[in-house]
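Single-structure report; data block below.
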Amino acid sequence: MRKVHFEGTHRVRRPEETWAIIDGLRDRFGITRVADVTGLDTLGVPVMMAVRPAARTLTVSQGKGASPLLARVSAVMESVELWHAEYACPAPELKHTPACELELPYDVRDLQQHHGSLLSERTPLDWVAGVDAVSGAGTLVPQAYVRVDYQVSQAWQPPLLHGSTNGLAGGNSYGEAVTHALYEVIERDCTAAIGSLPVSERRHVDPSSVDDPMCAVVLDRIRDAGAWVEIVEVPNRWELPCFVTYIWSEDFPALAVGAGVHASPAVALSRAVTESAQSRLTAITGSRDDLAAALFTNGPSAVGPPPVTEGGIVPWKDVCGRAREFAEDTEEARWLAEAVQELTGCPPVVVDLSTESTFSVVKVVAAGLEFDGRHEIPRPLAAASPSPAGPKEAV
């Protein structure tokens, strides 16, 4: 489908149209409340939360955006995506079958696994249908890698695959959902090793030099609230614009982190900085199920580390470059899928979880990509920095 909305994100429907569709389906997915929590922080960056009490994973999902409407859509879609991972995973095409008996376009051992995993190519697994995102050919994916369920089970299971929401995404169309899922797995690959990024490879961007209208407004709000923002450009093997941002202020002295990757540098930065603001509010509201214990201590508040102000500081114009533009969502999805195949040697696989005709939810499985299951993004070479506030959005 052709893209029509380009403010802070690229979509094939305008936010008003998307909200009109998903607002009427909230009961269908068990979402009982959508709350505006922006005012609980001083930054003024729109953040919403959607509540789904009967969730099998997280009962509260957060959403952020450059406007309240975008944040509301983001929160509800996050919750809807989780519902699909919990309840809409396809039934197995094959049961109790080892990977060595299948003609897979990837090595199952290259998927993310639990610590101490006993997985081998001879481990019997249940398999669901997927599609090669490059060729369109049908293939299979382990069901345990697609479905997410945190309910307690009485049955013992050996540590095998690490099912998570990494690569889970929704969109107004199938192509849009696949595009955003691919950007997510690529983002996690880009940021997996940022903590060990050498000084010679890191570049900090001067926030005051950012001239993209939407990003500049958000950065100005944060600065006017008395907080500082640190923007780090993350070099990566994809040669895609990737930024990690850190926010800290005296009134909430915990480091909040966010990341973004996109063919458009402005969209990548917008995602990173609004996610940082969302991470702060996730911790401030205390409503998410998996908040880090480090946020709740009885000791005095940590003294915040100052932002990097010298050595490697560059203006926005040096890192923003020229955005790669795609008129169609399917064109962008194919471009990203081909990039994954080129760098990993195997294509990403898409499992369609959609239950509605008006929007799509997919899970992208990309063997061979890096993923830190703790979802932490430490400041590069800043060992004394406090732990980042709030979890990343994968679970």
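The values are calculated or read from the model by the stated rules, or taken from the named source; none is laboratory data. Bear in mind the structure is a predicted one, so any value in this text is a computation, not a measurement. Don't worry about glycine lacking a Cβ; one is built from the backbone with ideal geometry, like all the others, and counts go over all protein chains shown. For accessibility, only protein heavy atoms count, side chains too; no ligands or nucleic acids. Shrake-Rupley method; radii C 1.70, N 1.55, O 1.52, S 1.80 Å.
Data for the structure
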item	result
Prolate/oblate/rounded label for region 205-267 (Cα gyration tensor, a/c 1.5)	oblate
Selection of trypsin sites (Lys or Arg not before Pro), region 31-84, meeting DSSP coil and at most 16 other Cβ within 10 Å	ARG56
Two-site FRET efficiency, MET1 against GLU325, from Cβ-Cβ distance with R₀ of 22 Å, rounded to 0.05	0.90
Cβ charges +1 (Lys, Arg) and -1 (Asp, Glu), total dipole of the chain, debye	600 debye
Inter-label distance for GLU338 and SER354, nm, one decimal - labels placed 7 Å from Cα along Cα-to-Cβ	2.3 nm
Contour minus Cα-Cα distance for ALA155 and LEU291 (0.36 nm per residue)	46.3 nm
Two-site label geometry, ILE313 and ARG203: point separation in nm, points 7 Å out along Cα→Cβ	1.7 nm
Aspartates and glutamates with Cα under 12 Å of LYS64, excluding same-chain neighbours fewer than 8 positions away	ASP36, GLU78, GLU275, GLU393
Set of region 76-111 residues, backbone N closer than 19 Å to the point 7 Å along the Cα-Cβ line of ALA193	110-111
The chain, relative contact order [Cα under 8 Å, separation at least 6], %	21 percent
Efficiency of FRET from Cβ geometry, SER67 and ALA20, R₀ 22 Å, rounded to 0.05	0.90
Theoretical FRET efficiency, 1/(1+(r/R0)^6), r = Cβ-Cβ of GLU101 and ARG56, R0 41 Å, to 0.05	0.85
Radius 12 Å from Cβ of LEU40, net charge of other residues (Lys, Arg +1; Asp, Glu -1)	-2
Accessible area in square angstrom per residue, the chain, 1.4 angstrom probe	43 Å²
Separation between Cα centres of region 1-54 and region 336-371, rounded to whole Å	23 Å
Cα gyration tensor shape of the chain, rounded if a/c is under 1.5, else prolate or oblate by comparing a/b with b/c	rounded
